[in-house]
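Visitor: The following block contains the structure, expressed as structure tokens.
Laboratory data are not the source of any read-out in this text; all were calculated from the coordinates shown. Everything numeric in this text was worked out from a predicted model, so none of it was measured. Because the Cβ atoms are built from the backbone with ideal geometry, glycine has one as well, and the counts that use them run over all protein chains shown.
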Amino acid sequence: MSTKDWHTPISKEIIHDIHTVLDFARENTLSDLYADLPIVSGSQETFLEELQKIPTVSATELIKHKEKLIHYPEKDIRYLVSEFDLDNWKDLFLYAQNIDAEWDTVADEVAAYTPRVAIMTVPLSWQLGPMFYKTCRKKNVPVSVLSPRNPPLITQLIKETEAQMVVATSDVAEDVFNILKSEGLQEQVRLWHIVAPLNKKVTIPQLSGDTSIEYHLFPGIPIGYTNPSSKQDSLSFLPSPEYFFEVINDCCYITSLKCHTIPLIRFAISTNTSVDQDGHITIGHE
Amino acid sequence: MNNLNFPYSALATVLKEVTKSSKSNFYREKYFGETSVQSFLEGDETAWEDIPFLSRGEIQKFPMHERLYVDEKDVEIIRPTSGTSGAGILPVPRTMSHEGNKLPLNYRLFVSLNVHRLATFSGAQFYYSPSFRRLAGIDSINVDPGDIPLAAHLITLYMPDMLAGPVYALGALSENLPTNVRKKVKAIQVFGEWCSQFQWNEFQRLFPNAKIVSEYASIESQTSVAVPCSIAINEHKQYVHPVPEYVYTEIINPISEEIIKENGVGGELVITTIRPVAFPLIRYRTGDLAQIIRHECECGITTPVLSIDGRLDIDRLRFRKGELNLSEVDRVISLHSDYLNSGDFEVHYKEIVDEDGVFKPQISIHLSLISPDKSTSTLKEALSKSLRIAPDRVYADGVEENIYMSLEIVPLVHTKASTGKKKKIFRDDK
């Protein structure tokens with residue numbers, strides 16, 4: 001692992017995308033959240049230097065804009081929540097997402113694994129159901145969305161519907177898998193998609209079948225992904241192509257490359273970050 | 001059938017479809033050797049009453065993928081029944097392809113109330129949210145009935161003008177919401193279980209600006225079954241009309257299976273789905289109690305006004321700050337078998353208005369007492385102090401807090417349990 005500074009390789013497309021996002025954010029008449037963004041000009045050579053003049057933003061600063069985020073006046077939005085641990089009420093805010101947003105990694109997985117049925121069991125309050133349903137519906141895969149509170153019920157549904165893909169948190173996946181295993185059905189699920197919080201250490205579950213781990217900044221905002229064919233022996237991930245990543249002095253910042261409803265611009269996602277030579281990122285946890 | 005509202009052609013279409021369909025053998029196997037189906041299809045309306053009923057157990061025996069009457073690619077979601085009855089879950093496939101651009105019937109009322117933000121406990125929120133948004137401009141979030149304090153916090157952040165959920169969850173939620181949030185609510189949709197008058201009054205008191213509406217549906221039905229009309233809702237909150245385009249309903253005596261046509265006689269609700277669904281239900285016994293209030297209504301809807309009165313077999317009572325399970329009553333009673341001829345019992349629940357005009361739950365336990373004169377008061381106190389209604393509460397706590405009436409012990413005369421069970425819960429406040 002290198003401890004050197006790093007960023008997503010800069011290309012003409014990346015520069016174009018970031019300019020588009022910055023203009024979108026600055027000129028959005030519906031929200032003044034980014035009204036003071038400086039202009040970033042510059043060629044490929046000077047782009048990074050210019051970009052890095054934009055002050056970085058932390059989650060704490062975003063929380064200060066809670067009110068603007070909650071009452072974001074754009075139409076066609078739905079809300080996600082800003083915390084995995086929903087007992088952490090103090091900092092919780094609602095985070096607007098475009099109503100048409102899909103879950104790209106799940107879409108790829110559904111296309112690759114063509115499951116007969118896909119089940120998602122994460123806390124209902126995370127608000128991931130509509131995105132999951134929309135993504136699977138496009139591929140004609142029926143879904144079931146269940147609260148993770150009752151692993152025996154989830155297991156029974158997997159059996160009865162012959163579901164072959166499960167989206168869950170690490171601990172719930174393990175619980176469900178153990179029940180399946182006790183009944184000799186450990187091979188039933190061909191793909192486990194684990195949703196993991198970026199800011200918390202996750203235990204990689206020992207499951208039969210393929211396992212992908214996706215790290216989310218907030219539930220529904222994927223930042224990195226380990227694809228099912230890779231060995232799940234470390235917590236490193238490939239950065240999401242939806243963001244421009246910068247690692248400076250072990251801190252990691254992301255900038256949206258798509259005009260998300262609320263774009264993230266030089267948003268600090270972690271300290272203690274390292275990047276290997278293949279561009280896999282590892283977030284250190286206390 | 002001496003019934004002007006009998007939808008012969010719609011029912012014949014459904015029957016024809018399921019018996020001719022190349023997609024599933026479910027009904028062909030079920031009706032094998034039944035002459036009533038053929039007679040009905042040949043025009044004999046009276047044969048309908050001879051077509052066998054359908055039970056949940058029969059459906060459960062058939063693998064889900066083998067009882068689909070739509071293409072597998074048209075199944076959008078699968079919802080399991082809860083399985084709390086001990087009979088295991090029933091995965092229910094559902095398609096929306098037939099619904100097109102129509103808003104669920106009940107939501108047309110909410111559109112008229114100009115609501116824009118819905119917080120719902122419904123497990124199907126993810127499924128309906130796009131059409132709510134597209135067709136009614138209603139944004140929605142899903143809240144978890146398993147974590148009421150969190151639900152209250154999310155709702156306080158979100159500030160919805162409409163709430164939807166089962167009675168118990170909405171009841172618990174309302175105690176956790178600040179006044180300004182409650183006052184903003186313009187509409188409440190109640191579903192999932194029978195709602196007592198006490199609870200209705202509480203909802204109306206806590207949400208003074210809300211129009212409260214109940215709907216009858218079930219996971220198995222795959223569609224709304226009965227909704228209120230503008231007239232019936234003013235008579236009683238739980239009076240509803242079966243939706244004629246969606247279902248045909250019958251009420252039967254659960255023992256004799258005879259059809260009940262008179263007003264005011266309770267029985268089991270039986271439904272037949274008329275609209276295309278992933279798995280059509282034909283004469284499905286819902287396990288819910290209902291009665292006909294009247295056959296005609298000035299609102300113009302052609303189906304009778306029904307009162308939906310909860311489950312036929314109640315195994316759990318939910319009331320303010322507590323719930324009582326049949327198994328808990330059984331456990332506590334077994335501790336006092338010295339006083340009893342048998343372990344049979346009936347639990348009767350009602351809400352009584354006390355001298356201050358406040359509704360309070362009252363529980364009476366009917367027991368087969370060896371010596372009624374001697375044991376009633378002893379048992380009354382012992383049971384009240386032993387019956388657990390929450391992890392850290394017994395029934396006596398509620399009596400002491402003056403929110404419940406005292407527990408009553410009554411000699412068991414004769415069980416009126418229609419299903420022949422010896423241990424049963426009755427709601428006497430319907």
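Visitor: At 7 Å along the Cα-to-beta-carbon direction for both B:Phe53 and A:His16, put a label point, then send me their distance in nm to one decimal.
Guide: It works out to 6.8 nm between the two label points.
Visitor: Which log10 I(q)/I(0) values does the range B:203-330 give at q = 0.14, 0.17, 0.18 Å⁻¹ under the Debye formula, counting every alpha carbon as one identical point scatterer?
Guide: These q points yield log10 I(q)/I(0) values of -0.70, -0.97, -1.05.
Visitor: Cα-based Rg (one decimal) and Dmax (whole number) for the range B:316-427, in Å?
Guide: Gyration radius and largest Cα-Cα distance of the range B:316-427: 13.5, 39 Å.
Visitor: Need the full-extension length gain, B:Glu175 to B:Gln60, defined as separation in residues times 0.36 nm minus the C-alpha distance. One decimal, nm. Intermediate values should be presented prior to the final figure.
Guide: Values: separation 115, 0.36 × 115 = 41.40 nm, distance 3.85 nm.
Gain in length upon complete extension: 37.5 nm.
Visitor: Using only Cα atoms, locate the centre of the range B:117-144 and the centre of the range B:334-393, then give the distance between them in Å, rounded to an integer.
Guide: 42 Å
Visitor: Roughly how far apart, in whole Å, are the Cα centres of the range B:206-220 and the range B:12-70?
Guide: Between the Cα centre of the range B:206-220 and that of the range B:12-70, the gap is 33 Å.
Visitor: Once you compute Rg and the Kirkwood Rh from C-alpha atoms, what is the Rg to Rh ratio for the range B:362-410? If you can, show how the numbers build up before the last one.
Guide: Details: Rg = 11.1 Å, Rh = 11.2 Å.
Ratio of gyration radius to Kirkwood radius for the range B:362-410: 1.00.
Visitor: Counting just the Cα atoms, what span does the range B:113-175 cover along each of its three principal axes? Round to the nearest Å and put the largest first.
Guide: That works out to 31, 20, 18 Å along the principal axes.
Visitor: With the Cα gyration tensor of the range B:105-214 giving a ≥ b ≥ c as the square roots of its eigenvalues, does the rule (a/c under 1.5 for rounded; else a/b larger than b/c for prolate; else oblate) give rounded, prolate or oblate? Numbers along the way, then the final one.
Guide: Numbers: a/c = 1.39, a/b = 1.27, b/c = 1.10.
Judged from the Cα gyration tensor, the range B:105-214 comes out rounded (a/c under 1.5).
Visitor: First obtain the Kirkwood hydrodynamic radius of the range B:304-353 from its Cα pairs, then insert it into the Stokes-Einstein equation at 20 °C and 1.002 mPa s, and state the resulting D in µm² per second as a whole number. Please report the intermediate quantities before stating the final value.
Guide: Numbers: Rh = 13.4 Å.
Answer from the Stokes-Einstein relation: 160 µm²/s.
Visitor: Give the Debye-formula value of log10 I(q)/I(0) at each listed q (0.11, 0.12 Å⁻¹), with one equal scatterer per alpha carbon of the range A:98-237, two decimals each.
Guide: -0.34, -0.41
Visitor: Another question about this same structure. For chain A, compute Rg over Rh where Rg is the Cα radius of gyration and Rh is the Kirkwood radius from the inverse mean 1/r over Cα pairs. Provide the component values of the computation, followed by the final result.
Guide: Numbers: Rg = 19.5 Å, Rh = 19.9 Å.
When Rh is taken as the Kirkwood radius, the ratio is 0.98.
Visitor: Where does chain B land at 222 nm, in deg cm²/dmol rounded to the nearest 500, when only DSSP H runs of n ≥ 4 count, each adding -39500 (n - 2.57), divided by all residues?
Guide: On the way: 14 runs with 114 residues, N = 430.
Dividing the helical sum by the residues of chain B leaves -7000 deg cm²/dmol.
Visitor: Something else now. Could you sort out which of A:Lys138/B:Lys73; A:Lys138/A:Lys159; B:Lys321/B:Lys385; B:Lys61/B:Lys424; B:Lys184/B:Lys237 sit more than 19 Å apart by Cα distance in this structure?
Guide: On the way: A:Lys138/B:Lys73 10 Å; A:Lys138/A:Lys159 24 Å; B:Lys321/B:Lys385 16 Å; B:Lys61/B:Lys424 27 Å; B:Lys184/B:Lys237 21 Å.
Result: A:Lys138/A:Lys159; B:Lys61/B:Lys424; B:Lys184/B:Lys237 exceed 19 Å.
Visitor: For the protein assembly as shown, with the dipole built from +1 on Lys and Arg beta-carbon atoms and -1 on Asp and Glu ones, taken about the Cα centre, which of B:Ala119, B:Gln197, A:Asn272 lies farthest toward the positive end?
Guide: B:Gln197
Visitor: Choose one of B:Asn325, A:Val21, B:His295: the residue whose Cα lies farthest towards the positive end of the charge dipole of the protein assembly as shown (beta-carbon charges +1 Lys, Arg; -1 Asp, Glu; about the Cα centre).
Guide: Comparing the listed Cα positions along the dipole, B:His295 ranks first.
Visitor: Magnitude of the Cβ-charge dipole of the range A:104-236, K/R +1 and D/E -1, about the Cα centre, nearest 20 debye?
Guide: Details: 12 positive and 13 negative charges, 63 e Å.
Dipole of the range A:104-236, to the nearest 20 debye: 300 debye.
Visitor: Further question on the same structure: Given a cut-off of 22 Å, what percent of all Cα-Cα pairs of the range A:166-283 lie beyond it?
Guide: Values: 2577 of 6903 pairs.
More than 22 Å apart: 37 percent of the Cα pairs in the range A:166-283.
Visitor: What fraction, in whole percent, of alpha-carbon pairs in the range A:130-181 exceed 19 Å separation?
Guide: Working: 349 of 1326 pairs.
Of all Cα-Cα distances in the range A:130-181, 26 percent exceed 19 Å.
Visitor: Now, a different point. Among A:Val106, A:Tyr225, A:Val176, pick out the residue whose Cα is farthest towards the positive end of the charge dipole of the range A:104-236, where Lys and Arg carry +1 and Asp and Glu carry -1 on C-beta, about the Cα centre.
Guide: Most positive-ward Cα: A:Val106.
Visitor: Report the relative contact order of chain B, percent, no decimals, based on alpha-carbon pairs under 8 angstrom and at least 6 residues apart. Mind dumping the intermediate values first?
Guide: Details: 774 pairs, mean separation 45.5, N = 430.
With pairs under 8 Å counted, the relative contact order is 11 percent.
Visitor: Ok, one more. Would you mind giving the average projected area, over all directions, of the Cα convex hull of the range B:168-247 in nm² with one decimal?
Guide: Working: hull surface 22.6 nm².
Hull-based average projected area comes out at 5.7 nm².
Visitor: Another question, if that's okay. Once you have the Cα-Cα distance between B:Asn325 and B:Ser9, take 0.36 nm times their residue separation minus that, and quote the gain in nm to one decimal. Let's see the in-between values first.
Guide: On the way: separation 316, 0.36 × 316 = 113.76 nm, distance 4.42 nm.
In short, 109.3 nm is gained.
Visitor: I would also like to ask the following. In a GNM of chain A with a 10 Å cut-off on Cα contacts, which of A:Ile54, A:Ile269, A:Ile213 has the highest mean-square fluctuation?
Guide: A:Ile54
Visitor: Continuing with the same structure: Report the FRET efficiency, 1/(1 + (r/R0)^6), for A:Asp91 and A:Asn272, where r is their Cβ-Cβ distance and R0 is 30 Å, rounded to 0.05. Intermediate values should be presented prior to the final figure.
Guide: Working: r = 20 Å, r/R0 = 0.68.
Efficiency computed from Cβ-Cβ geometry: 0.90.
Visitor: Where does chain B land on the Kirkwood hydrodynamic radius, alpha-carbon pairs, in angstrom?
Guide: Details: mean 1/r = 0.0426 Å⁻¹.
With all distinct Cα pairs of chain B included, I get 23.5 Å.
Visitor: Run the dipole for the protein assembly as shown about the Cα centre, Lys and Arg Cβ at +1, Asp and Glu Cβ at -1, nothing else charged, and hand back the magnitude in debye, nearest 20.
Guide: Working: 72 positive and 95 negative charges, 173 e Å.
Around 840 debye, computed over the protein assembly as shown.
Visitor: How big is the protein assembly as shown by the Kirkwood estimate over distinct Cα pairs, in Å?
Guide: Details: mean 1/r = 0.0352 Å⁻¹.
After inverting the mean inverse Cα-Cα distance, the result is 28.4 Å.
Visitor: Would you give the gap between the C-alpha center of the range B:146-173 and the C-alpha center of the range B:283-309, rounded to a whole Å?
Guide: Taking the Cα centre of each part, the range B:146-173 and the range B:283-309 sit 30 Å apart.
Visitor: Okay, moving on. Dipole of chain B, Cα-centred, from +1 at each Lys and Arg C-beta and -1 at each Asp and Glu C-beta, to the nearest 20 debye? Don't jump to the answer; show the numbers that get you there.
Guide: Working: 48 positive and 56 negative charges, 208 e Å.
In debye, rounded to 20, chain B gives about 1000.
Visitor: If you look at just the Cα atoms of the range A:86-164, how large are its Rg and its Dmax in Å?
Guide: Cα only, the range A:86-164: 14.0, 41 Å (Rg, Dmax).
Visitor: At 222 nm, what helix-only mean residue ellipticity would chain A give, in deg cm²/dmol to the nearest 500, using -39500 (n - 2.57) for each DSSP H run of four or more?
Guide: My calculation for chain A gives -7500 deg cm²/dmol from helical runs alone.
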